[in-house]
There are 2 protein chains.
Amino acid sequence: MLEGPPLRADAQRNRARILDAAEAVFAEAGPRASTEEVARRAGVAIGTVFRHFPTKDDLLAAIMKRLLAQLVEEAERLDLFAFFRHVVAQAAAKKTVVDLLAGSGVDIRLPEAAGHLEEAVGRLLEQAQAAGAVAAPVRLPEVMALFLSVCQGALHGGWDDQLQARTLAVIFAGLRRD
Amino acid sequence: MLEGPPLRADAQRNRARILDAAEAVFAEAGPRASTEEVARRAGVAIGTVFRHFPTKDDLLAAIMKRLLAQLVEEAERLDLFAFFRHVVAQAAAKKTVVDLLAGSGVDIRLPEAAGHLEEAVGRLLEQAQAAGAVAAPVRLPEVMALFLSVCQGALHGGWDDQLQARTLAVIFAGLRRD
DNA sequence: GAGAATAATGAGTGGAGACTCACTTTGCTA
DNA sequence: TAGCAAAGTGAGTCTCCACTCATTATTCTC
């Protein structure tokens, strides 16, 4: 993570505005939304967006990193089941994360941030297994796979509360007794 | 389903070629692949593609319909668990269906064909419950939700055989004992 | 507060891809 | 097999969008 000299005040302000706008725009319209829309929403010229993020992918990667970090924080506050419920409930509002975790058309790798998430979920799994809430043979890879699958399903399927509860119930039952 | 006069022989031939090419191209590159690539692969001029399918969405809808019909056939040959396994294993090879079932950026509704699939899976569920292989309180909506979720997960996550088996094992356990 | 460095601006460029249409070719029918 | 309607062709249009850069504006430093 190479750090140059500190950013000028206006640059810092704009960078933050752009990230916020990008998060909102991409959450609403998915990663295919245009960079111009982001600039407009941030109240900034298009060139400014590209000064901060030389390519659109850089911008997407930056907000992904923020969102993943947020997920990790949430993982640290909740147990495995609550974490699943929480994230699935939010999936629709976080089109970007889900789409990008899914790699939908856009090529972005964030091994570090994604690794942190996996570690956090790993800790939740250990705790749940120690408490006897998840069967012993369950391993992290399938938990992550289920996690991502369900996020995408919820996002694209437009699940209501009831469907979400019933679907997670099946998965939770499967985790408890494998 | 309005039927005009029958198609001329060359038109029929080309229509079939275009559908085959589109299926292959979109399976490899997803729905974002260009119509020109489809035309090239079909050995046909771009205008011919647009004569048969006035918009790209029409083309996508047409192959979706074929693929859904195929899924229904497979559902009629297999039991619920085998169907899940089969489709998940093929998910990666069928990027289009999955992406479109998921509604990724493209707006296509095929209520009829999708309804048939749901009916077919409904029958599998009934059979499985009658045989005691799936717990009674499980209902069709969550089975469909799990089905679509897992398809997307498998597609985007690039699951290997082992991960696929382990992930499905959790879901199957959840279905058996809810 | 003057000067230098950094940042913002936004019209402009280039490329991709969906779709059109004037013209040519092909298949059907009488 | 002549004639015509159906189908095929592909260069060209149009729109959208990522990205650039010469110019102007804002901060920082002394």
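Can you name every residue in the range A:125-163 that is modelled with pLDDT of 95 or more, buried (at least 22 other Cβ atoms within 10 Å of the Cβ) and more than 7 Å from chain B (Cβ to nearest Cβ)? A:VAL134, A:VAL143 - these are the residues of the range A:125-163 that are modelled with pLDDT of 95 or more, buried (at least 22 other Cβ atoms within 10 Å of the Cβ) and more than 7 Å from chain B (Cβ to nearest Cβ). One residue stands out in the range B:33-49 among those that are near DNA strand D (Cβ under 7 Å from one of its atoms) and hydrophobic (A, V, I, L, M, F, W, C): the one that is nearest to B:ASN14 (Cα to Cα), namely B:VAL44. Being surrounded by fewer than 16 Cβ atoms within 10 Å (Cβ to Cβ), in contact (Cβ under 8 Å) with a residue 24 or more places away in the chain and outside any loop (DSSP other than H, G, I, E, B) is the filter here, so list the residues in the range B:73-83 that pass it. Hit for the range B:73-83 is B:GLU76, nothing else. Selection of the range B:20-55 for residues being without any contact (Cβ under 8 Å) to a residue 60 or more places away in the chain, aliphatic (A, V, I, L, M) and in contact with a helix residue (DSSP H, G or I) (Cβ under 6 Å, 6 or more places away or on another chain) yields B:ALA21, B:ALA22, B:VAL25, B:ALA33, B:VAL38, B:ALA39, B:ALA42, B:VAL44, B:ILE46, B:VAL49. Looking at the range A:105-116, is at least one residue buried (at least 22 other Cβ atoms within 10 Å of the Cβ) and either at pLDDT below 95 or farther than 24 Å from A:ILE63 by Cβ (or both)? Looking for residues that are buried (at least 22 other Cβ atoms within 10 Å of the Cβ) and either at pLDDT below 95 or farther than 24 Å from A:ILE63 by Cβ (or both), one finds none in the range A:105-116, hence no.
Only one of the listed residues (B:ARG66, B:ARG40, B:ARG13, B:ARG17) is within 28 Å of B:HIS156 (Cβ to Cβ) and outside the structural domain of B:ALA92 (by TED's automatic domain parsing). That residue is B:ARG40.
With the requirement that a residue be modelled with pLDDT of 95 or more and either in contact with a Ser or Thr (Cβ under 9 Å, 6 or more places away or on another chain) or under 12 Å from B:ILE63 (Cβ atoms) (or both), what does the range B:26-39 give you? Once the filter is applied, which keeps residues that are modelled with pLDDT of 95 or more and either in contact with a Ser or Thr (Cβ under 9 Å, 6 or more places away or on another chain) or under 12 Å from B:ILE63 (Cβ atoms) (or both), the range B:26-39 yields B:VAL38, B:ALA39.
The values are calculated or read from the model by the stated rules, or taken from the named source; none is laboratory data. No experiment lies behind these values; they were computed from the predicted model shown. Ideal geometry is used to build each Cβ from the backbone, glycine not excepted, and the neighbour counts take in all protein chains shown.
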